[in-house]
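Please read the structure below before turning to the comments.
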Amino acid sequence: MDNHDIQINYNFNNEYCKKYKSLCVLDSNDQIKELQTILRDKNTSRSDFKFYSDRLIRLVIEDSLNQLPFTDCKVVTPTGATYDGLKYKSGNCGVSIVRSGESMEQGLRDCCRSIRIGKILVESDADTHEARVVYARFPEDISQRHVLLMYPIMSTGNTVSKAVNVLKEHGVREECVILSNLFCTPQAVQTVLDSYPKMKILTSEVHPVAPNHFGQRYFGTD
């Protein structure tokens, strides 16, 4: 890939945000670009990889939480004054796609200490690459909740599509699903949002090359 191709790739974020209104990409800045660079660098140590992954995860989770619905509320301050504020509407939960999605659970708990978290295990057939659900555990009332679906690396979109389909089978409305993601490819965005246009994807970067080593590096199994 030459420099011209690389420059074109950097434009994917803006192009796909214009094409898919339910795709949200973190506003790029030098800090985020540095984090992305560290995670893509093959020379990054495992301890640094985990540390900087957690930093980027926290940024993505916090922005994902901004996509959830809020409602007006009033509180009384210690001085007796009334403050017009906001609070989350009830009924939010997280669902991680095992295993790499579990890397994002602590970031969500750090922001929402009592939030409930479910899990989905999706495996791909070695020959056909078809995704199938092996295990799913959700809060009993998940059909009444907004769901932060956590999956850091999305290369093809097949795993996420299967997970969203399972959520819908459990009564979750498509527009109540928000995918929290670190890196995804244009193909994955197209695959998921063409099938589920009402859900949201929040990611730090759309790029044709996904760092598929993420799970192995993060959990130290590489």
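The values are calculated or read from the model by the stated rules, or taken from the named source; none is laboratory data. Keep in mind that what you see is a predicted model, and the values were worked out from it rather than measured. Note that each Cβ is placed from the backbone with ideal geometry, even for glycine, and that neighbours are counted across all protein chains shown.
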Going by the conditions given, is residue 128 part of a loop (DSSP other than H, G, I, E, B), within 16 Å of the chain's Cα centre (by Cα) and modelled with pLDDT under 95? no
Note on the range 69-100: residues under 16 Å from residue 172 (Cβ atoms) and surrounded by 16 or more Cβ atoms within 10 Å (Cβ to Cβ) are 91, 92, 93, 94, 95, 96, 97
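Quick one: count up the residues across the range 117-132 that are in contact with a strand residue (DSSP E or B) (Cβ under 8 Å, 6 or more places away or on another chain) and surrounded by fewer than 16 Cβ atoms within 10 Å (Cβ to Cβ).
Initial filter on the range 117-132 (in contact with a strand residue (DSSP E or B) (Cβ under 8 Å, 6 or more places away or on another chain)): 117-125, 130-132.
Keeping just the survivors that are surrounded by fewer than 16 Cβ atoms within 10 Å (Cβ to Cβ) gives 123-125, 130, 132.
Counting residues in the range 117-132 that are in contact with a strand residue (DSSP E or B) (Cβ under 8 Å, 6 or more places away or on another chain) and surrounded by fewer than 16 Cβ atoms within 10 Å (Cβ to Cβ) gives 5.
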What residue, among those in the range 38-89 that are among the basic types (Lys, Arg) and in a helix (DSSP H, G or I), is farthest from the chain's Cα centre (by Cα)? 46
